[in-house]
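A short write-up of the structure that comes next.
A short reminder: the numbers here are calculations on the coordinates, not readings from a lab. From a predicted model like this one, the values you see are computed outputs, not experimental measurements. Positions of Cβ are backbone-derived with ideal geometry, glycine not excepted, and every protein chain shown enters the neighbour counts.
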Amino acid sequence: MPAESYNNILVKPQPSVVSLYADLDLDRLSAIVNNNTDSVLYEDSSFAGDNMTLKAWKNGEIRFSLAEDLLSWEIPLRISVQKTMFLVAFNRPIGDIMESKGEIKLKFKTRFRVNNDWTIHTETTPAGYEWTKKPTLKIAGITIPVSAIADVLLKFNLDNYSKQVDETLASGFNFRKYAERGWQMLYEPFRIPGSYQAWLSMSPSSIAMLPVKATNGKLRFGAVVTSEIECLIDRKPPVTKIPQLPNLKPLEMAGDTFRINLLTDVPYQTIERLTMEEVRDSVFTFGKKQVAFESLRIYGTEGRMVIETVVKGSIKGTMYLTGIPYFNAKDTTLRVKNLKFDLKSRNLWMKSANWLFNGKIERSLTEAIAIPFNSDIREIERLLSSYLNHQKLGYGFELSGKLSNITVSDLLLTPESVKANLVFSGKLSLGIEETALKR
């Protein structure tokens with residue numbers, strides 16, 4: 001008989017990529033910026049140097065728009081310009097303060113990024129301005145435009161406006177708060193509803209930030225979490241200590257595929273019983289000779305599956321066949337290929353019963369071995385698909401995923417069974433629809 005042997009290989013789940021995101025609604029952003037922006041944005045009350053003062057007030061709501069990763073916005077302002085005018089009367093210069101008012105829209109663009117420590121960094125740059133009502137002075141019936149003078153002051157102070165907005169935006173975000181809660185939630189085992197005691201278990205290892213993107217009137221702050229994900233049957237995952245949210249790493253994995261690993265098995269006793277049910281009544285005719293199976297035993301040798309069968313009929317004895325077990329994804333069954341008589345068994349029987357080796361027995365056993373796995377994989381797949389379809393987890397978080405494929409990454413022979421590491425793959429995300437703004 002072929003020597004019984006097994007490889008002691010630890011099945012390690014394949015790494016997965018889980019999306020983690022928080023959306024910032026543009027309306028909420030507008031509200032918080034408007035509420036935290038002073039009504040007076042600029043004031044120069046000194047006449048020194050230019051004989052002019054300038055004061056600028058908000059003249060309505062600051063408006064925002066999104067394009068890719070840029071936030072475009074404009075501030076409507078009322079402008080008050082006071083200028084000292086010198087007239088000559090009685091051969092003496094007489095100074096007088098003249099006031100003019102106008103309206104203007106300042107334009108800016110802001111780019112967002114997340115620092116390694118999860119703080120938000122914004123970079124705001126001026127994008128020009130537009131006079132909607134230019135300020136002018138009328139002296140003795142003569143209109144004197146002062147918008148050119150105001151332009152100089154506005155250009156000089158646009159950078160100051162930009163810094164003020166950056167400070168407002170940065171102080172209004174708290175993405176780390178949501179990232180920490182999402183990180184903790186990934187460590188919590190999820191009980192999958194259904195007749196099976198099935199649990200979804202994740203073991204995150206690292207996290208990297210994605211570029212900030214604008215979509216559907218929202219800014220999306222996203223990260224990708226590299227994690228091992230397992231589906232455990234009849235066994236609740238042990239409680240593990242949750243590490244602190246790590247600093248962000250550079251993005252090394254650009255894919256978005258997650259893999260749920262399900263370790264399932266078929267006991268040898270099941271293979272023996274179901275195969276015998278298929279071949280028990282089979283009688284193989286070789287001319288005038290006949291052979292039938294009396295019993296079967298299954299075990300492993302050097303990664304191959306051994307079928308030890310006792311035959312009866314024209315000959316009696318024990319023969320050994322070996323083949324390679326594989327997983328058939330179409331019907332989730334265990335099958336065997338390249339089934340052949342073991343060389344030693346063949347050499348022994350060839351002397352007295354060479355008529356056995358015409359392929360009938362190999363073909364019959366190959367067809368008979370179509371063993372469904374113990375766990376109903378299709379049912380588990382259905383439960384997983386249903387569970388991942390916008391599952392509410394609390395705290396505003398939602399788990400959303402879609403299964404697209406099922407494969408087997410490892411098929412191992414152990415002393416008791418054939419084990420298969422099944423992999424359900426697709427896309428998975430954990431997100432929050434609330435804005436990542438401080439309350």
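Tabulated results
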quantity: The range 5-67 - percent relative contact order, Cα under 8 Å, separation 6 or more; calculated: 28 percent
quantity: Nitroxide proxy distance, nm - points 7 Å out along Cα→Cβ at W131 and Q197; calculated: 8.0 nm
quantity: Mean Cα-pair separation over length for the range 269-371, i.e. relative contact order, pairs under 8 Å, 6 or more apart, %; calculated: 24 percent
quantity: Order of I32, I62, I260, I97 under a 10 Å beta carbon neighbour criterion, fewest first; calculated: I97, I62, I32, I260
quantity: Two-decimal Rg/Rh across the range 300-439, once Rg and the Kirkwood Rh are taken from alpha-carbon atoms; calculated: 1.26
quantity: Length added when fully stretched, I324-A31, from 0.36 nm per residue minus Cα-Cα; calculated: 98.9 nm
quantity: Per-residue HN-Hα couplings for the range 159-166 [Karplus 6.51, -1.76, 1.60; θ = phi - 60°; Hz; x = Gly/Pro]; calculated: 4, 5, 4, 4, 5, 5, 5, 4
quantity: 5 angstrom amide H check on E103, placed H, neighbours 5+ away; calculated: I79, T132, K133, K134
quantity: Rg ratio (alpha-carbon, reference 2.2 N^0.38 Å) - the range 1-59; calculated: 3.22
quantity: Net +/- balance of residues flanking N354 in space, Cβ distance below 14 Å, scoring K and R +1, D and E -1; calculated: +4
quantity: Fewest-first sequence of T84, T322 by Cβ atoms within 10 Å of each Cβ; calculated: T84, T322
quantity: Sorted by Cβ neighbour density within 10 Å, fewest at the top, the residues S227, S72; calculated: S72, S227
quantity: Whole-Hz ³J(HN,Hα) from phi, Karplus 6.51 cos²θ - 1.76 cosθ + 1.60, for the range 121-135, glycine and proline x; calculated: 10, 10, 10, 9, 10, x, 10, x, 8, 9, 6, 9, 8, 6, x
quantity: Amide hydrogen neighbours beyond the local backbone of T414, cut-off 5 Å, H modeled; calculated: K419
quantity: Sequence-distant residues sharing a close amide H with T333 (under 5 Å, placed H); calculated: N328
quantity: Förster radius 45 Å - calculated FRET efficiency between H121 and R235, Cβ distance, rounded to 0.05; calculated: 0.55
quantity: Rg over Rh [alpha-carbon atoms, Kirkwood Rh] for the chain; calculated: 1.34
quantity: Principal axis box of the range 269-371, alpha-carbon based, largest edge first, Å; calculated: 40, 29, 21
quantity: Under DSSP loop assignment and at most 16 Cβ neighbours within 10 Å, longest chymotrypsin sites (Phe, Trp or Tyr not before Pro)-free interval of the chain; calculated: 197-356
quantity: Using θ = phi - 60° and Karplus 6.51 cos²θ - 1.76 cosθ + 1.60, couplings along the range 106-118 (whole Hz; Gly, Pro as x); calculated: 8, 10, 9, 10, 10, 10, 10, 8, 10, 6, 4, 8, 6
quantity: Share, in percent, of DSSP beta bridges within the chain that are antiparallel, nearest 5; calculated: 95 percent
quantity: Mean ellipticity per residue at 222 nm, deg cm²/dmol - from DSSP H runs of n ≥ 4 across the chain, formula -39500 (n - 2.57); calculated: -6500 deg cm²/dmol
quantity: Summed residue charge, Cβ within 11 Å of K12's Cβ, Lys/Arg positive, Asp/Glu negative; calculated: -3
quantity: Value of relative contact order over the chain, rounded to a whole percent, pairs C-alpha under 8 Å and six or more apart; calculated: 18 percent
